[in-house]
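Q: Quick one: the structure is below, and I'll ask about it shortly.
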Amino acid sequence: MVFKRLLGSLGVGGPTVDTVLSPAPALPGGTLSGEIRLRGGGSDVDIEHVTLELVAGVEAEHEEGESESGVVFDRFTVGGGFPLAEGEERTVPFTVTLPWETPVTQLHGQELGIALGLRTELSVAGARDKADLDRLTVSARPVQEAVLEAFGQLGFGFRSADLELGRIGGTGQQLPFYQELELTPSPAYAHAVNEIEVTFLAAPTGVEVVLEADKRGGPLSSGDDTLTRFTVSHEGVGHQDWNTVVDGWVRELVEHRESYDPDAAYGHDRHEVHERSHPGIGAGVAAGAAGLAVGVAGGLVAAEIADEVGDFFEGDDEEQEAEQEAEQGEQEEG
């Protein structure tokens with residue numbers, strides 16, 4: 001899908017920007033290409049820089065509860081240092097590489113409810129910087145799809161997805177936040193867990209899969225949370241019996257007796273987790289309509305996802321409009 005959003009003018013009669021992204025969804029660790037189309041305003045200006053920022057709507061837990069804010073997790077300067085004449089049209093092409101831990105926003109075309117955007121910033125000499133936020137679509141890598149597909153075929157369902165501020169101790173996490181995919185348990189594990197949360201920490205050599213189980217309590221014990229971690233390769237995805245592998249992960253997680261401190265889980269250093277390595281050799285990947293993509297469609301109403309993600313982008317638009325009105329008022333008073 002192509003996103004074409006017109007940025008607000010840099011002051012009355014200032015230059016405008018139209019950012020056009022390539023139509024294919026991006027991948028974590030992959031490239032993002034497009035072009036930035038500039039149009040000069042009512043006077044000649046000097047463009048100091050044209051910058052792209054990756055912004056994510058991230059939840060943070062604190063004493064008062066939860067709050068969401070936009071976190072910039074990468075920044076690229078893709079142009080600048082040139083004059084833009086009155087009414088002149090100029091195109092700035094770009095190709096940037098996304099971080100490997102870039103969150104996944106869709107699975108098999110189904111939106112997961114993650115607010116992820118590309119902000120284009122234009123800095124003009126003698127004027128304030130202006131920016132606008134366009135929605136960014138990121139699909140899962142093959143190994144991530146295979147793991148989630150296996151969960152779906154094992155009977156797990158999609159509940160929700162979010163981005164949490166903090167770090168998972170003992171992992172190679174690079175970004176200041178991580179993505180959680182919350183799954184409802186399959187009938188085989190419904191007696192033992194309330195839900196399972198899946199986090200992917202991708203890197204060039206493979207993916208760390210962190211699993212967390214919200215375990216049910218019994219008549220004589222309270223429930224607790226357990227975590228474990230597995231490492232998988234990007235290679236050999238099509239030669240792995242993922243249903244068997246993932247079921248083994250869940251069994252190990254459910255049977256794991258060690259609990260962790262919930263205060264550490266969502267702070268700056270989340271509990272260090274147990275690790276296993278799976279190189280990716282097996283009988284083959286099962287695929288089809290029974291996968292987790294069906295659970296995604298059933299777990300959240302599409303309209304609810306659109307509203308939740310839309311609120312994040314509308315907030316940015318409202319802030320920009322308020323700044324534009326203030327600037328126009330200042331110029332009229334002058």
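Q: Tell me which of these P28 doesn't satisfy, since it passes every other one: (1) in a strand (DSSP E or B); (2) at pLDDT 90 or above.
A: (1)
Q: For segment 22-43, give me each residue that is buried (at least 18 other Cβ atoms within 10 Å of the Cβ) and either under 19 Å from the mean Cα position of the chain (by Cα) or closer than 20 Å to V207 by Cα (or both). Explain how you work it out, then say what you get.
A: Start the filter on segment 22-43 by keeping residues that are buried (at least 18 other Cβ atoms within 10 Å of the Cβ), which leaves 25-28, 32, 34, 36, 38, 40-41.
Hits for segment 22-43 are P25, A26, L27, P28, L32.
Q: Name the residues in segment 145-177 that are assigned to a strand (DSSP E or B), among the small types (G, A, S) and surrounded by 22 or more Cβ atoms within 10 Å (Cβ to Cβ), would you?
A: To start, the set of residues in segment 145-177 that are assigned to a strand (DSSP E or B) comprises 157-165, 168, 177.
From the residues that got through so far, the ones that are among the small types (G, A, S) too are 157, 160-161.
Answer for segment 145-177, where residues must be assigned to a strand (DSSP E or B), among the small types (G, A, S) and surrounded by 22 or more Cβ atoms within 10 Å (Cβ to Cβ): just A161.
Q: Identify the single condition in (1) under 18 Å from L181 (Cα atoms); (2) within 15 Å of the chain's Cα centre (by Cα) that D134 does not satisfy, given that it satisfies every other one.
A: (1) is the only condition that D134 fails.
Q: Answer with yes or no whether T244 is in a helix (DSSP H, G or I), modelled with pLDDT of 95 or more and in the same structural domain as E149 (by TED's automatic domain parsing).
A: Numbers: in a helix (DSSP H, G or I): yes; modelled with pLDDT of 95 or more: yes; in the same structural domain as E149 (by TED's automatic domain parsing): yes.
Yes; evaluated as a whole, the condition is true for this residue.
Q: If T97 meets every condition in (1) of a type outside the set (K, R); (2) surrounded by fewer than 18 Cβ atoms within 10 Å (Cβ to Cβ); (3) at positive phi apart from one, which number is that one?
A: Only one criterion is unmet by T97, namely (3).
Q: Separate question: When you look at G170, is it in contact (Cβ under 8 Å) with a residue 40 or more places away in the chain and in contact with an Asp or Glu (Cβ under 6 Å, 6 or more places away or on another chain), yes or no? Don't jump to the end; show me each part of the working.
A: On the way: in contact (Cβ under 8 Å) with a residue 40 or more places away in the chain: yes; in contact with an Asp or Glu (Cβ under 6 Å, 6 or more places away or on another chain): yes.
Against the criterion (in contact (Cβ under 8 Å) with a residue 40 or more places away in the chain and in contact with an Asp or Glu (Cβ under 6 Å, 6 or more places away or on another chain)), G170 qualifies.
Q: Which condition from (1) surrounded by 14 or more Cβ atoms within 10 Å (Cβ to Cβ); (2) free of Cβ contacts under 8 Å to residues at least 24 places away in the same chain is the one that E63 breaks?
A: Of the numbered conditions (1) surrounded by 14 or more Cβ atoms within 10 Å (Cβ to Cβ); (2) free of Cβ contacts under 8 Å to residues at least 24 places away in the same chain, the odd one out for E63 is (1).
Q: Let me ask something else about it. What are the residue pairs meeting all of these: first residue in segment 131-151, first residue under 11 Å from L27 (Cα atoms), second residue at pLDDT below 95 and assigned to a helix (DSSP H, G or I), Cβ atoms under 6 Å, and 6 or more apart or on different chains?
A: These pairs meet every condition: P142/V237.
Q: State the number of residues belonging to segment 134-176 that are farther than 15 Å from G113 by Cα and among the aromatic types (F, W, Y).
A: The total comes to 2.
The values are calculated or read from the model by the stated rules, or taken from the named source; none is laboratory data. Nothing here was measured: the structure is a model prediction, and the numbers come from that model. Glycine gets a Cβ as well: all are built from the backbone with ideal geometry, and neighbour counts include every protein chain shown.
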